[in-house]
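The values are calculated or read from the model by the stated rules, or taken from the named source; none is laboratory data. Because the structure is predicted, anything quoted here is derived from the model rather than measured. Virtual Cβ from ideal backbone geometry, glycine too; neighbours counted across all protein chains shown. Just so you know, the surface numbers come from the protein's heavy atoms only, side chains and all, with ligands and any DNA or RNA stripped out. Shrake-Rupley method; radii C 1.70, N 1.55, O 1.52, S 1.80 Å.
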Amino acid sequence: MVWRSVMISRPARLRREHYSLAIEQEETAFIPFEDIAVIVLNHREITLTHPLLSACAEYGIVLFSTGDNHQPNGVFLPYLQHTRTARMLRLQLDIAKPAAKQAWAAIIRSKITNQARCLTLAKRDGARRLESYVRRVRSGDPENCEASASAHYFPQLFGVSFHRNQERWINAALDYGYAVLRGTIARGLVAHGLLPSLGLFHASERNAFNLADDIIEPFRPIVDLHVVSQPLIEERELLPADKVALVALLNIDVTMPRGATSVLTAIEQCIESFVRFYEGAAVETLELPLLAGLRQHIREH
């Protein structure tokens with residue numbers, strides 16, 4: 001099971017050295033490809049070779065580029081490497097609308113449940129109101145409980161003056177963490193033969209990651225909890241250390257139906273359950289994460 005996330009924040013040359021990523025800086029470091037899930041390129045003076053890109057595709061590694069604002073602005077994913085891609089595409093296209101609505105409701109219940117847990121873990125008020133929204137979610141979420149819950153949740157978590165469209169450190173950190181989760185989920189979808197652009201609820205023709213934007217919802221409060229847990233700081237840009245900590249959220253523990261595991265493994269288990277759902281399994285079999293705090297996962301050897 002892949003488990004490492006690699007962020008490059010200084011000038012470097014990246015190349016393939018047999019079965020490892022070679023990072024050439026003052027010295028050369030080697031990391032086995034089979035251990036890597038995510039690579040983030042976070043400096044303008046990073047060069048990489050075509051054999052390295054080919055290795056990323058071969059090993060199912062998701063590679064992020066960042067823009068002038070140091071936010072992820074691009075993602076390199078394996079190209080339809082799964083042997084059952086055509087079959088899964090037909091299943092995605094043929095999913096019955098009632099089943100898709102039931103799955104969306106399950107996703108939203110899980111998201112709001114995790115938002116309530118985030119408020120509790122952050123010692124904020126308002127969790128009970130969110131729990132009442134969970135009970136109101138019906139197939140397809142026709143009452144838009146998701147939006148009502150978020151309108152209550154973010155001011156409780158970050159203060160009554162907080163809005164998601166403000167240019168603040170908090171929003172920059174949230175956007176960065178969400179982008180890493182989104183790309184990692186897209187990687188998992190491709191690895192399992194699913195087309196990320198075909199969503200259950202999200203359906204924008206301009207969005208190549210509609211299904212990833214569906215599945216990310218219960219995972220978002222992981223980023224929220226990390227951001228609210230940071231010491232109060234003056235407004236500034238994200239520092240390299242901030243980004244390293246956000247990428248490292250892929251390795252914290254969440255609770256899944258099979259037990260506690262890392263976010264990376266939880267994403268794998270979640271997507272596997274969606275594959276079974278597309279193949280005809282009941283919506284109750286979907287495996288969605290439950291927020292457990294910010295404890296780093298201890299990898300078993």
Item to check | Filter result (more than 13 Å from Leu290 (Cβ to Cβ), open to solvent by 80 Å² or more (accessible area, probe 1.4 Å) and either free of Cβ contacts under 8 Å to residues at least 24 places away in the same chain or in contact with a Pro (Cβ under 8 Å, 6 or more places away or on another chain) (or both)) within segment 92-134 | outcome: Asp94, Lys97, Lys123, Arg128, Arg129, Glu131
Checklist entry - Has segment 227-247 got any residue that is in contact with an Asp or Glu (Cβ under 8 Å, 6 or more places away or on another chain), open to solvent by less than 10 Å² (accessible area, probe 1.4 Å) and at pLDDT 95 or above? => result no
Next on the checklist: Can you say whether Asp242 is closer than 25 Å to Trp169 by Cα and either among the hydrophobic types (A, V, I, L, M, F, W, C) or touching a helix residue (DSSP H, G or I) at 6+ places or on another chain (Cβ under 8 Å) (or both), as far as the supplied structure shows?
Outcome noted: yes
Next on the checklist: For segment 59-67, check the following and say yes or no: at least one residue is within 23 Å of Ala172 (Cα to Cα), in contact with a His (Cβ under 7 Å, 6 or more places away or on another chain), in a strand (DSSP E or B) and touching a residue at least 12 places away in the same chain (Cβ under 8 Å).
Outcome noted: no
Checklist entry - Which condition number in (1) touching a residue at least 60 places away in the same chain (Cβ under 8 Å); (2) open to solvent by 30 Å² or more (accessible area, probe 1.4 Å); (3) among the hydrophobic types (A, V, I, L, M, F, W, C) is the one that Trp169 fails? => result (2)
Checklist entry - Considering only residues of segment 208-254 that are within 22 Å of Ala292 (Cβ to Cβ) and of a type in the set (S, T, N, Q), which is nearest to the chain's Cα centre (by Cα)? => result Asn251
Checklist entry - Does segment 202-216 contain any residue that is surrounded by 18 or more Cβ atoms within 10 Å (Cβ to Cβ), of a type in the set (A, V, I, L, M) and under 22 Å from Thr120 (Cα atoms)? => result yes
Next on the checklist: Residue under question is Glu272, and the condition is that it be charged (D, E, K, R), at pLDDT 95 or above, on the phi < 0 side of the Ramachandran plot and surrounded by fewer than 18 Cβ atoms within 10 Å (Cβ to Cβ); does it hold?
Outcome noted: yes
Item to check | Enumeration of residues in segment 253-265 that are more than 13 Å from Val38 (Cβ to Cβ), in contact with a strand residue (DSSP E or B) (Cβ under 6 Å, 6 or more places away or on another chain) and touching a residue at least 40 places away in the same chain (Cβ under 8 Å) | outcome: Asp253
Checklist entry - Out of (1) modelled with pLDDT under 85; (2) of a type in the set (Gly, Ala, Ser); (3) open to solvent by less than 30 Å² (accessible area, probe 1.4 Å), the odd one out for Ala86 is which? => result (3)
